[in-house]
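The structure appears right after this line, and notes come after that.
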Amino acid sequence: MIEQVVVDDSVRALRPDFVVLVMSAHGLRNGPGDEESASWLSAAARTANPDDPHVLAWREAYRAFGAKPNRTRPSVDALLRRADSLPSINRVVDAYNAVSVEYALPIGGEDLDKYIGPARLTVAAGGEPFEDAEPPAPGEVVWRDDAGVTCRRWNWRQCVRTRITEDTRNALFLLERLEPYPLERLHAAGEALATRLRAISPEVEIEGRLLKA
């Protein structure tokens with residue numbers, strides 16, 4: 001699956017500095033949030049910096065395709081602003097939310113078994129199916145599969161269809177980076193996520209692939 005993930009040239013032209021670390025996790029045994037996953041969130045909250053340069057870079061990226069980042073914030077911006085009160089959702093979601101806050105990095109988590117075709121990042125023509133809100137506007141950067149948009153405005157709002165739930169067994173994670181974020185820090189975030197996933201499911205099989213512009 002991760003070999004088929006694509007970043008379209010239209011996105012590369014918009015932000016040639018974009019890099020995504022694509023990770024898959026097979027054989028997860030997810031469950032409700034617990035004391036351990038709550039501790040990941042609280043520890044991450046103590047390091048939260050809403051003014052991290054990476055957050056500012058994402059705000060500029062949103063403006064470049066016509067979004068207003070003060071109204072529809074990049075996911076990492078929204079998480080960092082409420083890091084002290086993030087709710088526990090389930091163990092896997094808590095894991096990647098904690099890493100997102102700690103590393104000031106947008107991370108998308110998707111249920112691989114709910115995907116129809118591979119994930120791809122592209123610029124919307126406008127009107128593509130999005131089940132949970134109005135469809136994207138022309139020029140908006142979106143993640144999608146063959147069935148429709150899975151996340152609007154790059155990493156703003158995920159659809160319900162592919163969300164990670166307690167029943168998720170196979171997952172896709174998208175760790176998204178812009179300049180000036182160091183690639184070493186991106187890889188460290190991937191390792192931190194893998195460590196937490198193995199704490200949840202010791203037998204999980206994890207693969208990773210770096211996609212650069």
Exercise. Going through the stretch 196-213 one residue at a time, which ones are surrounded by 13 or more Cβ atoms within 10 Å (Cβ to Cβ), out of contact with any Phe, Trp or Tyr (no Cβ under 6 Å at 6 or more places or on another chain) and not charged (D, E, K, R)?
Worked result: 197, 199, 200, 201, 204, 206, 208, 210, 211
For this session: Just one of (1) closer than 21 Å to residue 151 by Cβ; (2) in a helix (DSSP H, G or I); (3) charged (D, E, K, R) trips up residue 17, so point out which.
Result: (2)
Problem set entry | Any chance residue 172 is closer than 19 Å to residue 30 by Cβ, part of a strand (DSSP E or B), in contact with a strand residue (DSSP E or B) (Cβ under 7 Å, 6 or more places away or on another chain) and at pLDDT 95 or above | yes
Exercise. Could you say which residue among 24, 10 is of a type in the set (S, T, N, Q) and either loosely packed, with under 13 Cβ neighbours inside 10 Å or touching a Ser or Thr at 6+ places or on another chain (Cβ under 7 Å) (or both)?
Worked result: 10
Exercise. Restricting attention to the stretch 97-116, which residues are buried (at least 20 other Cβ atoms within 10 Å of the Cβ) and in contact with a Gly (Cβ under 9 Å, 6 or more places away or on another chain)?
Worked result: 97, 99
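Looking at the structure I just gave you, is residue 171 aliphatic (A, V, I, L, M) and touching a residue at least 60 places away in the same chain (Cβ under 8 Å)?
Here the answer is yes, as residue 171 does meet what is asked.
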Exercise. Going through the stretch 63-88 one residue at a time, which ones are surrounded by 18 or more Cβ atoms within 10 Å (Cβ to Cβ) and either more than 26 Å from residue 139 (Cβ to Cβ) or more than 15 Å from the chain's Cα centre (by Cα) (or both)?
Worked result: 65, 67, 69, 80, 83, 86
Exercise. Which of the residues that make up the stretch 42-95 are assigned to a helix (DSSP H, G or I), under 24 Å from residue 172 (Cα atoms) and either in contact with a Cys (Cβ under 6 Å, 6 or more places away or on another chain) or among the charged types (D, E, K, R) (or both)?
Worked result: 77, 91, 94
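The values are calculated or read from the model by the stated rules, or taken from the named source; none is laboratory data. Being a predicted model, the structure only gives us computed values, none of them experimental. Glycine also receives a Cβ, built like all others from the backbone with ideal geometry; neighbour counts cover every protein chain displayed.
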